[in-house]
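The values are calculated or read from the model by the stated rules, or taken from the named source; none is laboratory data. Just so it is clear, the model here is predicted, and its values are computed rather than measured. With ideal geometry, Cβ positions are generated from the backbone for all residues, glycine too; neighbour counts draw on all protein chains shown. Each accessible area value is taken on the protein alone, full model and side chains, heavy atoms only, with ligands, DNA and RNA left out. Shrake-Rupley method; radii C 1.70, N 1.55, O 1.52, S 1.80 Å.
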Amino acid sequence: MKQRIISGVILAAIMLTALFCGGFPLWFMVAVIACFSMFELYRAAGVQNDKRTWICYPIVIAILLFCKKLTVPIVIIDILVITFMTVYVAVYPRIKFSPSFIIILGVFYVGVLAVNIFLNRCFEDGIYYSLVYLIGCCGTDVFAYFIGSRFGKHHPFPVLSPKKSVEGCIGGAAVSTALGIVLALIMKKPVSAAILLHIVVAVFSEIGDLAASGIKRQFGIKDYGNVIPGHGGFLDRFDSSLFAGGVIFVCVTLLY
């Protein structure tokens, strides 16, 4: 637990710095997250050495380079991927992914969704939406873990994620939303809109975590990697962040 907390604090500090800086530092961080997470997904499915994956990394980097000109396609991809992966979670384990499909999924589920982290910072109120992202995914994850560990009694996903509880999910969403209200008041943003946005982000952050867990269960692995002490791999840490970033970008683009 001590190791998990220390590495979590360090990682949060790095992310916060990159989000505030924006520009190339954030772009580079997102590129690292996307490429390493894609590799971990491919390794989980045993296709990391497949020649077809070699073109996937340049494709995602190209999307990241020109993402500001690809707003509409990215919004469409976000909606389709998040909807598809939500259905995957809802019907698990009836849907199984072939290794070949994982190669395609890596580009859209991991690569494109990661790009949203950078795009959210490019909005006029990019600092605010970046903080919404950080509170939404990290706050939900952290407090869901601690509240679930202490009070969790009902486990609705015994196969998909045995430790995830209803109490933890609700508690994590409630605390992250409360933090979101504080952020909105400090930055003088509409509180009602902030509440709705944080609830949506919290819900889909949890779904993002479950989606990544489902793939791990299918391929019989515990973690995607071990590069982040106490957390596992990049995809273990950023699974909920992918959905959070995508949901924020879609909501802000379509509603504002």
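Data for the structure
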quantity: Count - residues of segment 206-256 that are of a type in the set (S, T, N, Q), out of contact with any Ser or Thr (no Cβ under 7 Å at 6 or more places or on another chain) and farther than 23 Å from G172 by Cα; calculated: 2
quantity: Helices (runs of 4 or more DSSP H) contained in segment 166-256 and holding at least 1 residues among the basic types (K, R) and open to solvent by 10 Å² or more (accessible area, probe 1.4 Å); calculated: 191-219, 234-255
quantity: Residues satisfying the stated conditions in segment 76-94, i.e. within 22 Å of V159 (Cα to Cα) and either open to solvent by less than 20 Å² (accessible area, probe 1.4 Å) or part of a helix (DSSP H, G or I) (or both); calculated: I82, T83, F84, M85, T86, V87, Y88, V89, A90, V91
quantity: The lone exception for H155 - which of (1) open to solvent by less than 40 Å² (accessible area, probe 1.4 Å); (2) not in a helix (DSSP H, G or I) it fails; calculated: (1)
quantity: Count of residues meeting criterion [more than 19 Å from the chain's Cα centre (by Cα), part of a loop (DSSP other than H, G, I, E, B) and among the small types (G, A, S)] in segment 19-75; calculated: 2
quantity: Residue within segment 64-74 that is open to solvent by 10 Å² or more (accessible area, probe 1.4 Å), out of contact with any strand residue (DSSP E or B) (no Cβ under 7 Å at 6 or more places or on another chain) and under 19 Å from V47 (Cβ atoms) present; calculated: no
quantity: Considering residues of segment 133-151 that are of a type in the set (G, A, S) and surrounded by 19 or more Cβ atoms within 10 Å (Cβ to Cβ) only, the residue modelled with the highest pLDDT; calculated: G136
quantity: Pair list, Cβ < 8 Å and 6+ apart or interchain, from segment 129-147 residues that are within 27 Å of P162 (Cβ to Cβ) to residues that are not in a helix (DSSP H, G or I); calculated: A144/K164
quantity: Single residue of A45, A12 found to be out of contact with any Phe, Trp or Tyr (no Cβ under 9 Å at 6 or more places or on another chain) and more than 19 Å from G246 (Cβ to Cβ); calculated: A12
quantity: Cβ-Cβ under 8 Å pairs, at least 6 apart or on other chains, segment 44-55 side among the basic types (K, R), far side open to solvent by less than 40 Å² (accessible area, probe 1.4 Å) and in a helix (DSSP H, G or I); calculated: R52/I103
quantity: Check on S161, surrounded by 20 or more Cβ atoms within 10 Å (Cβ to Cβ) and of a type outside the set (F, W, Y); calculated: yes
quantity: Leading residue by the ranking (nearest to the chain's Cα centre (by Cα)) among those in segment 81-94 that are under 16 Å from G111 (Cβ atoms) and touching a residue at least 12 places away in the same chain (Cβ under 8 Å); calculated: I82
quantity: Scope segment 188-239; condition free of Cβ contacts under 8 Å to residues at least 12 places away in the same chain and either of a type in the set (S, T, Y) or closer than 25 Å to P99 by Cβ (or both); matching residues; calculated: S192, G220, K222, N226, G232
